[in-house]
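The values are calculated or read from the model by the stated rules, or taken from the named source; none is laboratory data. Since we're looking at a predicted model, the values are computed, not measured. Positions of Cβ are generated from backbone atoms using ideal geometry, with glycine treated the same way; all protein chains shown enter the neighbour counts. For the accessible areas, the whole protein counts, side chains as well, though only heavy atoms, and no ligand, DNA or RNA atoms are used. Shrake-Rupley method; radii C 1.70, N 1.55, O 1.52, S 1.80 Å.
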Amino acid sequence: MSDNNISRRRLLGSVGAAGATGLALGAAGGVVSGATASDDTLAALTAVGSTGVPSHGEHQSGITTPLQARGHLIAFDLAPGAGRSEAIALMRRWSALAAELMAGRPAAEGDTGVALDAGPSSLTLTFGFGRTFFDRTGLVAQRPPELDPLPDFSSDQLDAKRSNGDLWVQIGADDSLVAFHALRAVQKAAGAAARVRWQMNGFNRSPGATDRPKTARNLMGQVDGTRNPKPSEPDFDRRIFVPAKTAHPWMAGGSYAVVRRIRMLLDDWEQLTLKKQEQVIGRRKSDGAPLTGGSETTEIALDKTGPDGRLVVPDNAHARIAAPEQNGGAAMLRRPFSFHDGIAADGTPDAGLLFICWQADPLRGFVPVQRKLDRGDALSPFVRHEASGLFAVPGGPREGEYVGQRLLES
């Protein structure tokens with residue numbers, strides 16, 4: 001499928017064979033139909049363009065989906081006077097829109113044409129509800145305790161205007177135009193029901209940019225995400241997704257997203273020597289391996305000391321403090337995007353990480369780790385937490401359902 005010269009008919013056959021995995025094929029803004037396909041009517045898409053993600057299932061897309069090259073995060077507040085009925089209509093529109101766009105088809109009405117000629121390009125749209133959404137829709141009794149406000153952290157310098165929100169949408173794709181097209185479509189479909197509260201734009205390495213799949217790097221140049229829980233691990237679902245038996249059944253199969261805009265003070269960071277950077281993180285910059293030796297996936301020998309009797313991984317190293325074994329097994333699935341929004345007023349890069357982490361319970365995932373980092377992480381002087389949000393992301397819609405239906409129609 002990665003061969004640009006593959007025939008359209010052969011590509012359609014590949015899609016049929018892979019249908020169980022949710023692969024969708026889009027071309028010229030629409031899904032290719034076998035009834036009219038011929039070998040020479042349209043050049044086949046590359047693997048990047050043809051890869052699709054299903055819009056229905058046990059979980060919403062964009063959680064375990066591999067990192068995409070481009071992302072947009074956008075929060076909305078329901079408009080004054082809008083309530084539950086308007087929220088139902090909005091989630092119906094957004095869910096129908098997501099199904100079309102993720103299949104590589106244009107928006108039903110008023111499509112801008114921005115993504116014409118492109119396939120789905122791994123597009124995902126993920127929807128979540130903030131704490132205030134339940135007040136606005138009269139559903140306070142259905143609000144789970146996991147949405148209680150995050151505690152204050154001493155290092156926070158949060159901008160309230162860029163934090164929280166009634167509704168949250170995460171958009172990801174492996175093509176910038178496909179991602180932007182989805183962003184505009186979501187904004188337009190909000191209509192008079194909701195207004196944009198804030199928007200953030202991010203990016204990651206493009207698929208195929210390395211000789212083989214590798215853990216992503218952040219803007220500090222560090223390998224970032226080595227200790228992420230993996231779906232193959234037996235306790236992955238328990239840590240990341242809300243179980244079927246829960247006090248709030250509408251959240252079964254869902255997850256909680258913590259979103260933080262973390263500014264990296266890159267000018268300060270880049271003044272450090274390579275050795276000092278590695279001591280701050282606790283890992284080698286070249287390959288992400290722990291300073292105690294081995295490869296990226298080797299467990300850190302936290303008790304190992306050097307010839308001078310000092311810990312090889314310093315006691316305030318980021319990797320040590322954030323390690324699950326140092327936090328009672330607390331774990332979260334980190335799925336971030338980097339951002340660069342030009343130069344700040346002080347003349348330094350306005351760049352860093354759009355930190356997004358997923359867990360079944362943020363009070364057991366994000367909060368204990370962040371509290372410990374807040375007390376003595378060697379990385380803290382080089383980062384600034386500038387915005388924050390917590391959102392309940394319900395399970396994926398079944399065929400014929402819209403996202404959040406089990407909540408809004410309860």
Report summary line: Expected single match for part of a loop (DSSP other than H, G, I, E, B), acidic (Asp, Glu) and out of contact with any Pro (no Cβ under 6 Å at 6 or more places or on another chain) among Asp350, Asp374, Asp361, Asp341 is Asp361
Report summary line: Requiring at least 3 residues that are among the aliphatic types (A, V, I, L, M), the helices (runs of 4 or more DSSP H) wholly within the range 233-308 are 274-281
Query raised in the report: Is one or more of the residues making up the range 304-322 out of contact with any Leu (no Cβ under 6 Å at 6 or more places or on another chain), open to solvent by 60 Å² or more (accessible area, probe 1.4 Å), within 28 Å of Glu58 (Cβ to Cβ) and touching a residue at least 12 places away in the same chain (Cβ under 8 Å)?
Result: no
Report task. Inspect all residues belonging to the range 62-81 and state whether any of them is buried (at least 18 other Cβ atoms within 10 Å of the Cβ), out of contact with any Gly (no Cβ under 8 Å at 6 or more places or on another chain), more than 21 Å from Phe391 (Cα to Cα) and at pLDDT below 95. Result -> no
Requested in this report: Only one of these is within 17 Å of the chain's Cα centre (by Cα) and among the β-branched types (Val, Ile, Thr): Thr215, Thr305. Name it.
Outcome: Thr215
Query raised in the report: Just one of the numbered conditions (1) free of Cβ contacts under 8 Å to residues at least 60 places away in the same chain; (2) more than 22 Å from the chain's Cα centre (by Cα) is not true of Ser232; which one?
Result: (2)
Query raised in the report: Looking at Ala108, Ala141, Ala98, which one is over 24 Å from Gly81 (Cβ atoms) and assigned to a helix (DSSP H, G or I)?
Result: Ala98
Requested in this report: Restricting attention to the range 111-132, report how many residues are among the β-branched types (Val, Ile, Thr) and part of a loop (DSSP other than H, G, I, E, B).
Outcome: 2
Query raised in the report: Do we have any residue at all in the range 106-115 that's closer than 16 Å to Ala387 by Cβ and β-branched (Val, Ile, Thr)?
Result: no
